[in-house]
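The values are calculated or read from the model by the stated rules, or taken from the named source; none is laboratory data. Please read all numbers here as calculations on a predicted model, not as lab measurements. Cβ placement follows ideal geometry from the backbone for every residue including glycine, while neighbour counts extend to all protein chains displayed. Ligands, DNA and RNA are excluded from the accessible area calculation, which covers all protein heavy atoms including side chains. Shrake-Rupley method; radii C 1.70, N 1.55, O 1.52, S 1.80 Å.
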Number of protein chains: 2
Amino acid sequence: MATIRDVAKEAGLSTGTISKALSTPERVSKKNLEKIQIAIKKLKYKPNMLAQKFRAKSSKTIVVLVPDIANQFFASVISGIELVAQNRGYSVLLGDTRDSAVREREFVRMVETKLADGIINLRPYKKEDAILPQDDILSVSASSCEGTPSYSVRIDNVGAAKKAVSHLIALGHKRIGVISGLKENPHNIDRFNGYKAALADANITYDPKLVVAGDFNYWSGLTAAEQFSIMKPRPTAIFSMNDEMAIAAIRGFKDKGINMPEDMSIIGFDDMEVSRYCIPTLTTISQPAEKIGEKSAELLLQLIEGKKPETEEYILPYEFVIRESIAPPKI
Amino acid sequence: MATIRDVAKEAGLSTGTISKALSTPERVSKKNLEKIQIAIKKLKYKPNMLAQKFRAKSSKTIVVLVPDIANQFFASVISGIELVAQNRGYSVLLGDTRDSAVREREFVRMVETKLADGIINLRPYKKEDAILPQDDILSVSASSCEGTPSYSVRIDNVGAAKKAVSHLIALGHKRIGVISGLKENPHNIDRFNGYKAALADANITYDPKLVVAGDFNYWSGLTAAEQFSIMKPRPTAIFSMNDEMAIAAIRGFKDKGINMPEDMSIIGFDDMEVSRYCIPTLTTISQPAEKIGEKSAELLLQLIEGKKPETEEYILPYEFVIRESIAPPKI
DNA sequence: CTGTTAGCGCCTTCAA
DNA sequence: TTGAAGGCGCTAACAG
């Protein structure tokens with residue numbers, strides 16, 4: 001492997017000049033620039049970035065911690081992060097933690113040991129179970145929840161859920177079921193609080209029987225629909241903690257001969273691509289996933305470059321997208 | 001940030017001893033080991049891995065090129081890769097190329113510039129449009145297709161497709177439709193060849209009208225089902241190039257009053273998790289995704305460590321999983 | 001505009 | 001078992 005010294009020798013110049021030619025070519029004479037070009041080509045010289053980074057004491061890399069990489073929403077957030085990072089000359093190291101704290105710590109170690117400059121965490125957490133933030137680690141929490149410590153970018157989950165449920169109430173619904181996500185999941189908790197708040201506002205008493213436990217996955221939405229279909233009295237509308245379960249539930253209700261939206265209204269959360277296509281198309285909360293990613297990256301890069309951001313918490317606007325899946329209750 | 005020299009000073013020893021204490025503690029006296037431990041804790045010393053890697057001239061990192069990160073199958077393959085890599089002390093850098101050659105090149109540059117030691121490519125390609133392999137880059141192609149240049153790990157797509165279609169023929173089906181994936185996609189091509197081979201074996205003439213173009217996504221499966229439902233005569237069975245489209249098609253057929261498997265048989269490809277749950281459960285080809293990942297990683301690490309693998313092409317066994325979605329045709 | 005030189009943090013001889 | 005010293009490839013003074 002050719003080094004900068006080999007190039008210098010080949011071009012009959014010093015390493016300093018080669019280095020300059022690479023970083024600020026305008027400050028090197030044209031003649032020498034040409035010689036250098038030729039030498040580089042001849043030797044197939046590629047700068048050793050490991051050496052560059054070592055010397056610069058900065059890896060120009062940020063780690064993105066993802067609980068589950070095969071997830072549309074996260075993929076969009078990552079997309080936004082990469083956009084900003086690349087524009088600023090940073091690379092993105094994806095850390096699929098698969099919800100394991102051990103794996104999460106490993107990635108934190110990477111920044112402790114200089115392999116990365118900072119972390120964006122896509123796993124929502126409350127204060128209690130937080131590994132991050134850590135004193136000596138620059139980190140930002142993306143798509144976080146209420147009460148996330150330190151820098152964070154998110155939407156108002158409570159408000160969004162409340163808005164959705166209030167809309168159902170305004171349509172005339174009184175018995176509104178919930179397909180919940182994982183119990184301990186902070187997003188689930190926030191959205192659930194929004195649900196309760198909407199009921200409280202309308203003086204509807206909260207009935208825990210109307211809450212069916214799901215796990216954010218398709219299958220659990222299907223099961224939930226079955227349970228709702230045999231309830232007496234049956235709810236007239238459902239608020240699902242994500243689109244995937246909502247879409248499964250639509251399917252499940254149809255199998256039981258319950259038609260949407262005539263017999264049953266349903267609202268999801270996320271606005272996945274399929275939600276525009278399913279039958280009926282799904283009313284849902286749309287999160288600005290890419291924007292969340294972009295904002296998080298901007299925040300982290302600010303921190304890395306030693307600037308102090310104005311605010312700790314950035315709350316981005318969501319959108320309540322009304323589609324075919326809701327209607328006033330019968331009677 | 002404390003360096004190894006600071007620790008040496010604090011412990012009253014030389015840097016060499018500290019270094020040894022970190023790598024081969026058994027070769028350092030217990031007394032000194034203790035002193036060193038204390039010094040490290042006091043100074044909160046963390047070795048600078050950028051320096052370590054620089055000196056070792058090896059990043060102990062492999063890049064995994066993924067066309068689309070939000071994809072179950074790829075996620076499983078990556079899982080297998082990470083398993084092997086971590087056991088051998090390598091980290092995995094995920095490169096989501098989003099099918100862009102530019103982005104792909106960027107990751108190739110990382111290994112040229114020492115930021116990574118080798119590449120595992122999850123994008124299938126034929127000889128013509130290959131960026132990899134490249135002379136000076138160690139790479140392995142995972143989940144590749146027929147005719148992939150250089151080291152590769154895959155299943156026999158042609159054989160698998162042929163087996164599935166032959167099974168339909170054996171059940172008595174003669175008009176067998178296809179929901180294809182993206183036209184240029186090599187997996188699509190291989191599987192399509194398998195389909196044709198099965199027809200040829202049974203002396204059934206290939207009818208291009210029975211092929212509906214899809215794109216591997218849910219929505220295209222739905223559309224395909226609509227098209228098939230108005231064909232006259234309608235096919236009695238469908239071979240779908242992946243599970244996602246197959247599951248969508250089941251849905252689409254049901255909407256048209258076509259019941260599976262009585263009125264229509266269907267077979268998918270991939271064996272996604274949902275395929276075990278949908279109604280009817282889906283007959284499909286199961287790929288050993290994790291195993292493909294593991295084998296690819298083993299191969300690449302062998303190459304990195306300078307050993308020459310026995311074979312260039314590793315073909316892993318697939319499984320034809322028969323579930324409820326197929327039956328003999330009516331009459 | 002170009003060359004010289006020192007040193008980033010670590011590890012590995014080599015000698016004690 | 002420990003210490004001293006050199007060097008990995010690169011860049012940033014500084015001097016010319």
message: If the reach is capped at under 19 angstrom between alpha carbons, list the aspartates and glutamates near B:LYS46, excluding any in the same chain fewer than eight residues apart.
response: A:GLU104, A:GLU106, A:GLU112, A:ASP117, A:ASP135, A:ASP136, B:ASP6, B:GLU10, B:GLU34
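FRET efficiency for B:SER58 and A:ILE331, Cβ-Cβ distance as r, R0 = 60 Å, nearest 0.05?
Details: r = 72 Å, r/R0 = 1.21.
Result of the calculation: an efficiency of 0.25.
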Accessible surface, per residue, of the range B:157-286 when the full set of protein chains is kept, probe 1.4 Å, Å²: 39 Å²
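May I ask you to list the trypsin sites (Lys or Arg not before Pro) in the range B:265-321 that are in a DSSP loop and have at most 15 other Cβ atoms within 10 Å of their Cβ?
Working: sites: B:ARG276, B:LYS291, B:LYS295, B:LYS307; in loops: B:LYS307.
Answer in residue order: B:LYS307.
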- prompt: Going by a 1.4 Å probe on protein heavy atoms, which residues of the range B:245-293 end up with at least 20 Å² less accessible surface in the whole assembly than in their chain alone?
  reply: B:ARG251, B:LYS254, B:ASP255, B:VAL274, B:TYR277, B:ILE279
- request: Any chance you could give the angle, 0 to 90 degrees and rounded to 10, that helix A:72-87 forms with the longest Cα principal axis of chain A?
  value: 30 degrees
task: Using a Gaussian network model of chain A whose springs link C-alpha atoms within less than 10 Å, name the residue from A:ASN121, A:ASN48, A:ASN242 with the highest mean-square fluctuation.
output: A:ASN48
DSSP-loop trypsin sites (Lys or Arg not before Pro) across the range A:23-52, with at most 14 other Cβ within 10 angstrom: A:LYS44
- request: Pairs of Cα atoms under 8 Å, at least six residues apart: use those to get the relative contact order of the range A:181-331, whole percent.
  value: 20 percent
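Excluding A:THR281 itself, calculate the net charge of residues whose Cβ lies under 13 Å from the Cβ of A:THR281, where each Lys or Arg counts +1 and each Asp or Glu counts -1.
Details: positive: A:ARG276, A:ARG323; negative: A:ASP243, A:ASP271, A:GLU273, A:GLU324.
Summing Lys and Arg as +1 and Asp and Glu as -1 gives -2.
Give the relative contact order (percent, whole number) for chain A; include only Cα pairs under 8 Å separated by 6+ residues. Walk me through the numbers on the way to the answer.
On the way: 639 pairs, mean separation 55.3, N = 331.
Relative contact order for chain A comes out at 17 percent.
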message: Using the Karplus curve 6.51 cos²θ - 1.76 cosθ + 1.60 with θ = phi - 60°, what ³J(HN,Hα) values do you get for each residue of the range A:267-278, in whole Hz, with x for Gly and Pro?
response: 10, x, 8, 2, 6, 5, 5, 4, 5, 7, 10, 5
query: At what distance in angstrom do the alpha carbon centres of the range B:1-73 and the range A:205-248 lie from each other?
result: 51 Å
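Calculate, for the range B:9-136, the solvent-accessible area per residue in square angstrom, rolling a 1.4 angstrom probe over the heavy atoms of the protein chains.
On the way: 6680 Å² over 128 residues.
I get 52 Å² per residue for the range B:9-136.
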- request: Could you pull out every residue, at least 5 positions away or on a different chain, whose amide H is within less than 5 Å of the one on B:ASN121? Hs are placed 1.01 Å off N in the peptide plane, and Pro or chain starts have none.
  value: B:LEU65, B:VAL140, B:SER141, B:ALA142
statement: If one compares the long axis through the Cα atoms of helix B:289-304 with the longest principal axis of the Cα atoms of chain B, the angle in degrees, nearest 10, works out at 40 degrees
task: Restrict the search to the range B:97-142; then list the trypsin sites (Lys or Arg not before Pro) that DSSP places in a loop and that have at most 11 other Cβ atoms within 10 Å of their Cβ.
output: B:LYS127
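Over all directions, what mean area does the Cα convex hull of the protein assembly as shown project, stated in square nanometres?
Values: hull surface 143.7 nm².
About 35.9 nm², averaged over all directions.
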statement: Interface buried area B-A, accessible surface with 1.4 Å probe, both sides summed, nearest 100 Å², comes to 3800 Å²
field: Sulfur and carbon atoms: percent of accessible area, the protein assembly as shown [1.4 Å]
entry: 51 percent
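Can you compute the charge dipole magnitude of the range A:157-286 about its Cα centre, using +1 on each Lys and Arg Cβ and -1 on each Asp and Glu Cβ, nothing else charged? Give it in debye, rounded to the nearest 20. Intermediate values should be presented prior to the final figure.
Details: 14 positive and 14 negative charges, 94 e Å.
Around 440 debye, computed over the range A:157-286.
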task: Assign unit charges at the C-beta atoms only (+1 for Lys and Arg, -1 for Asp and Glu), then state the dipole size of the protein assembly as shown relative to its Cα centre in Debye, rounded to the nearest 20.
output: 2100 debye
message: Straight-line reach from B:LYS295: which lysines fall under 27 Å, measuring Cα to Cα and dropping same-chain residues less than 8 apart?
response: B:LYS53, B:LYS57, B:LYS60, B:LYS114, B:LYS126, B:LYS127, B:LYS162, B:LYS163, B:LYS307, B:LYS308
query: In the range A:54-94, which residues give up 50 Å² or more of accessible area once the other protein chains are added, compared with their chain alone (1.4 Å probe)?
result: A:PHE54, A:ILE69, A:ALA70, A:GLU82, A:GLN86, A:LEU94
